[in-house]
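Student: One structure is given below, represented as structure tokens, and several questions about it will come after.
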Amino acid sequence: MKVFISVDMEGISGLVRWPDVSAAGIDFELNRELMTLDTNAAIEGALRGGATEVVVEENHGVEDLCVLRMDKIDPRCSVIRGAGRPGATTMAGLDANTGVVMLIGHHGRAGSYPGIMAHTISYGVFKLVQLAGEPIGEPDFFAIRAGELGVPVGLVTGDQIVAEQVRARCPWADAVVVKQAFGRESGQVIPPARARPMIQAAAEQTVRRARSGAYQALETCGPYEFEVELRQPASKAMRHNVAQLEGFNLVDGCNISVTAPDMDLGFRRVAYLGYADTPGVIKH
């Protein structure tokens, strides 16, 4: 069974502040290793559960999506990293041959207090992202895209907020809560050395359950209509760029509607708005 692991950084065990996940942070190099070790715990568990292939894809959007320590990553996996990937940005390795998806180190959606570092795709640019009038986060994008491919989401690790949100959409999913959020940059954390065995055990159980058919893929129904609320009014460059593109409509100064026939394109279009204020940049 092929296992797809999406690894983000905000939900990694022990991390609670934006400087923890920024290249300028005092502990960033240490935290890269913590991210890698949480990922390794999931890989080990997946292989013990019967996975025959593990694909890890980096989802943390700093340093051109190259944050994992490649000298520390479990050599039995393969890793997708770097910018400019084909398909739905950080889901390039997800296909219909995948048996189960694991979301390691993920975070709550924009607007979900007290979620630690909660945001959707771009904290600095997006205030809120909605699908059909309901707020969504990155795990929602993953679950819907996986559902289009007939693949279930089986595990999420992070704070209690992301666990609740994933299980609300995918009730069958397992969750490892490695920290209790108190606020956007505070919480009660399980030390990483204790959290990693929890992640490993859950990953093993997830693969065993997936192999037994205990999970189901999320039922999906495109096309999709999103509304992205910007933190600041759209710049002149952004307005000019989106006016040239199919699937985008500037509703007012801070709100842009986005439509797409499937989540592969939907994720790319929404993510594009995070850098659409660059003059002349319309590729997404």
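Student: Please verify whether ARG109 is closer than 28 Å to THR259 by Cα, open to solvent by 10 Å² or more (accessible area, probe 1.4 Å) and in contact with a Pro (Cβ under 6 Å, 6 or more places away or on another chain), treating the condition exactly as stated. Explain how you work it out, then say what you get.
Tutor: Working: closer than 28 Å to THR259 by Cα: yes; open to solvent by 10 Å² or more (accessible area, probe 1.4 Å): yes; in contact with a Pro (Cβ under 6 Å, 6 or more places away or on another chain): yes.
Yes; evaluated as a whole, the condition is true for this residue.
Student: Output the number of residues of the stretch 11-40 satisfying the condition of being open to solvent by 10 Å² or more (accessible area, probe 1.4 Å) and not aromatic (Phe, Trp, Tyr).
Tutor: Residues meeting the conditions: 18.
Student: Looking at GLY50, GLY87, which one is at pLDDT below 95 and surrounded by fewer than 23 Cβ atoms within 10 Å (Cβ to Cβ)? Working first, answer last.
Tutor: On the way: GLY50 fails: at pLDDT below 95.
The conditions single out GLY87.
Student: Of the numbered conditions (1) over 30 Å from THR278 (Cα atoms); (2) surrounded by fewer than 22 Cβ atoms within 10 Å (Cβ to Cβ); (3) touching a strand residue (DSSP E or B) at 6+ places or on another chain (Cβ under 7 Å), ILE161 fails exactly one; give the number of that condition.
Tutor: With (1) over 30 Å from THR278 (Cα atoms); (2) surrounded by fewer than 22 Cβ atoms within 10 Å (Cβ to Cβ); (3) touching a strand residue (DSSP E or B) at 6+ places or on another chain (Cβ under 7 Å) applied to ILE161, the lone miss is (2).
Student: Which of the strands (runs of 3 or more DSSP E) found entirely inside the stretch 200-265 contain at least 2 residues meeting this: touching a residue at least 40 places away in the same chain (Cβ under 8 Å)? Show your work before the answer.
Tutor: Numbers: elements: 224-230, 248-252, 255-260.
Of the strands (runs of 3 or more DSSP E) lying wholly inside the stretch 200-265, those with at least 2 residues that are touching a residue at least 40 places away in the same chain (Cβ under 8 Å) span 224-230.
The values are calculated or read from the model by the stated rules, or taken from the named source; none is laboratory data. From a predicted model like this one, the values you see are computed outputs, not experimental measurements. We place every Cβ from the backbone using ideal geometry, glycine too, and count neighbours over all the protein chains shown. Please note that ligands, DNA and RNA were not included when accessible areas were found on the heavy atoms of the full protein model with its side chains. Shrake-Rupley method; radii C 1.70, N 1.55, O 1.52, S 1.80 Å.
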